[in-house]
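Each remark here refers to the structure printed beneath this line.
The values are calculated or read from the model by the stated rules, or taken from the named source; none is laboratory data. Everything quoted here is computed from the prediction, not taken from an experiment. Because the Cβ atoms are built from the backbone with ideal geometry, glycine has one as well, and the counts that use them run over all protein chains shown. To get the accessible areas, we keep the full protein, side chains included, count just its heavy atoms, and leave off ligands, DNA and RNA. Shrake-Rupley method; radii C 1.70, N 1.55, O 1.52, S 1.80 Å.
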2 protein chains.
Amino acid sequence: MKVLSTSKSHGGIQGVYSHSSEVCACEMTFAVFAPPQAVEGHVPVLWYLSGLTCTHANVMDKGEYRRLAAELGLVIVCPDTSPRGADVPDEKDNWQFGCGAGFYVDATQAPYAKNYRMYSYVAEELPALVAANFPVDMSRQSIFGHSMGGHGALTIALRTPGRFRSCSAFAPIVQPTTAGWSRPALEKYLGSDENSWRAYDATLLIEDGHRYGELLVDQGTADGFLQDGLRPWLLEEACKKAGIALTLRMQEGYDHSYNFISTFMDDHLRWHAARLA
Amino acid sequence: MKVLSTSKSHGGIQGVYSHSSEVCACEMTFAVFAPPQAVEGHVPVLWYLSGLTCTHANVMDKGEYRRLAAELGLVIVCPDTSPRGADVPDEKDNWQFGCGAGFYVDATQAPYAKNYRMYSYVAEELPALVAANFPVDMSRQSIFGHSMGGHGALTIALRTPGRFRSCSAFAPIVQPTTAGWSRPALEKYLGSDENSWRAYDATLLIEDGHRYGELLVDQGTADGFLQDGLRPWLLEEACKKAGIALTLRMQEGYDHSYNFISTFMDDHLRWHAARLA
């Protein structure tokens, strides 16, 4: 693991690191905020998964999580959203596929299967690296994310029962298998057999019997992607049928940007901290 | 005035606006955060001046001022740091002069005198525009800034007695007339007669009899510009001689970045809000 930068913030350390990923077959960059409490001992860890076009840096710069994470004593890990580099196949000028658009799946189709394995990267390889290199208590983990990263958080939490004490999302893509901005990517990563897509769709995972204790979702009503891309009512319906306690809060006038995320960041941090205590 | 974007944040509105500036003879962009209280009536306004290389956007993205400004009911205005555009003379690849490096002076030398008039822009033209277009109580103004913008805040406050109820700075350039990164710019903007530079140097303004009630300055000890560029002890010495109540806080381990600014943003907002009440 390489240390790319560290900077003191709110009494803790905001670092950026990279490592040679076996899973993604390229160098991967990620951000870790270690709160002041991490000097004294192992602390809980909260995973934040970012949305389309983002790297580790967007939420690090604009998410406004450090003040309260420092107070609550949470490590915050922010992975990248895809493999990157000269050897990674990409579609230039397509922001919904390839670099910045890994969709937290393990691709099975050539030429993407070699690098685009963000499910295994986020669920397995990076946690092992973080556990080995940071003062984290891996028995106390939670996960959240935004948009494509909200989809990632929900699907990973649903597929790894017992791993995450809590899961929440800002404006998640709740049903990527039917949304216009994700279907082409899923087909290229996973092939045309749509049954193989079900493992990467929160509503279909629930339909297929996966369960989770409770979920928190915030969604802005002025979000331009609400009607076609996000559609939280589909998650609401799935949770209702399955008896999953979903708290869905429609937030009047908020858009899809980091202004929305940062506004409700404190609520989410407190939600997770209460469950990580 | 053109509205470039608005986005709901922490119950208020973060907007970005532009206008045709007479003073700078170009289109100028600036950011305004209006807290929820601004819907009900006129509220105090706090000016934030940014540092070298920045636009209005850096502190808007990374400064983490909105949560508490919304709570305290403060309008936050973030101007650009220089004129910009195809017609504005600039030195490419020089981050200490020209675009992004206006140093809050009114240039007197050709070809810069036409556009580089950031002192008058920030002290006169933009306040008039903001007063005319936003619900601000101009009898309750304060000012702060970072690095070059800390220099701007200190010099403008010292030169406009009674205008700003309070003034603070993060890692300000306290004596630009003797610092290596500002002397070449001052010479190009103002000419070789160094007497004309004194109006743009906080320590020399104090030496020349300007006074201010009290000042708050935070400075990181791990700031790479501390020894050569910033040197807060020069301000400390000037304030001591002049009987100005300076609170200078050396913050252990903090660097020059927005991680430093955002860490102490709450303290500065509360300091100003108490004096704007």
**Request:** In Å and from the alpha-carbon atoms only, list the Rg and Dmax of the protein assembly as shown.
**Result:** 25.2, 79
**Item:** Antiparallel DSSP beta bridges within chain B, as percent of all bridges there, nearest 5
**Value:** 45 percent
**Prompt:** Which pairs break 28 Å Cα to Cα here: A:LYS62/B:LYS114; B:LYS92/B:LYS114; A:LYS8/A:LYS62; A:LYS8/A:LYS92; A:LYS2/A:LYS114?
**Reply:** A:LYS62/B:LYS114; A:LYS8/A:LYS92
**Asked** DSSP beta bridges in the protein assembly as shown, what fraction antiparallel, as a percent rounded to 5?
**Response** 45 percent
**Fill in**
Taking the alpha-carbon centre of each part, the distance from region A:199-277 to region A:4-69 in Å is 23 Å
**Request:** Would you kindly work out, in nm and rounded to one decimal, the distances from the label point of B:ASP87 to those of the same position in each other copy, ordered shortest first, with label points 7 Å along Cα-to-Cβ?
**Result:** 5.2
**Item:** Extreme residue, positive dipole direction of the protein assembly as shown, given options A:TYR189, B:GLY229, B:GLN141 (C-beta unit charges)
**Value:** B:GLN141
**Message:** For a quick check of understanding: with a 1.4 angstrom probe and all protein chains in place, what accessible area in square angstrom does A:PHE225 have, to the nearest ten?
**Reply:** 80 Å²
**Message:** Let me spell out the model: positive unit charges on the Cβ of Lys and Arg, negative unit charges on the Cβ of Asp and Glu, origin at the Cα centre of region B:149-249. What dipole size does that give, in debye rounded to 20?
**Reply:** 320 debye
**Asked** Round to a whole number: what % of the accessible area of the protein assembly as shown belongs to carbon and sulfur, probe 1.4 Å?
**Response** 49 percent
**Asked** Assuming R0 = 35 Å, what is the FRET efficiency of A:ASN94 and A:ALA222, from their Cβ-Cβ distance, to the nearest 0.05?
**Response** 0.85
**Item:** Mean separation of Cα contacts under 8 Å (6+ apart) over length of chain B, as relative contact order %
**Value:** 17 percent
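Which order do you get for B:LYS62, A:LYS114 if you rank them by accessible area with a 1.4 Å probe, largest at the top?
Result of the area sort, largest leading: A:LYS114, B:LYS62.
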**Probe 1.4 Å, all protein chains present, accessible-area order of A:PHE170, B:PHE134, largest first** = B:PHE134, A:PHE170
**Request:** Enter the mean number of other protein chain beta carbons within 10 Å of the beta carbon of each residue in B:145-155, as an integer.
**Result:** 0
**Item:** Partners for B:LYS240 among aspartates and glutamates (Cα-Cα distance below 19 Å; same-chain residues under 8 apart left out)
**Value:** B:ASP201, B:GLU207, B:ASP208, B:GLU214, B:ASP218
**Item:** Most mobile listed residue (B:ALA101, B:ALA169, B:ALA113) in chain B, GNM with C-alpha springs under 10 Å
**Value:** B:ALA113
**Prompt:** Taking the label point as lying 7 angstrom from Cα along the Cα-to-Cβ axis, what are the distances from A:HIS19 to the corresponding position in the remaining copies, in ascending order and in nanometres?
**Reply:** 5.2
**Item:** Order of exposure, largest accessible area first, which applies to A:THR160, A:THR221 with probe 1.4 Å
**Value:** A:THR221, A:THR160
**Fill in**
Within region A:60-136, DSSP-loop GluC sites (Glu not before Pro) with at most 15 other C-beta atoms within 10 Å are A:GLU91
**Request:** Run through the other copies and list how far each one's label point is from that of A:THR178, in nm with one decimal, shortest first; the point sits 7 Å from Cα along Cα-Cβ.
**Result:** 7.2
**Prompt:** Mind checking which of B:LEU154, B:LEU49, B:LEU216 has the largest fluctuation in a GNM of chain B, springs on alpha carbons under 10 Å?
**Reply:** B:LEU216
**Request:** Have a look at A:PRO172, A:PRO111, A:PRO79 and tell me which one the Gaussian network model of chain A (Cα, springs below 10 Å) gives the largest fluctuation.
**Result:** A:PRO111
**Request:** Please work out, to two decimal places, the log10 of the ratio I(q)/I(0) at q = 0.07 Å⁻¹ from a Debye calculation in which every Cα of chain A carries one identical scatterer.
**Result:** -0.22
**Request:** With a 1.4 Å probe on protein heavy atoms only, work out how much accessible surface B and A bury together, total over both chains, in Å² to the nearest 100.
**Result:** 1800 Å²
**Request:** Round to the nearest 10 and report in Å² the accessible area of B:ASP137, as given by a 1.4 Å probe over the protein chains' heavy atoms.
**Result:** 40 Å²
**Item:** Solvent-accessible surface (1.4 angstrom probe) belonging to A:CYS26, in square angstrom, nearest 10
**Value:** 20 Å²
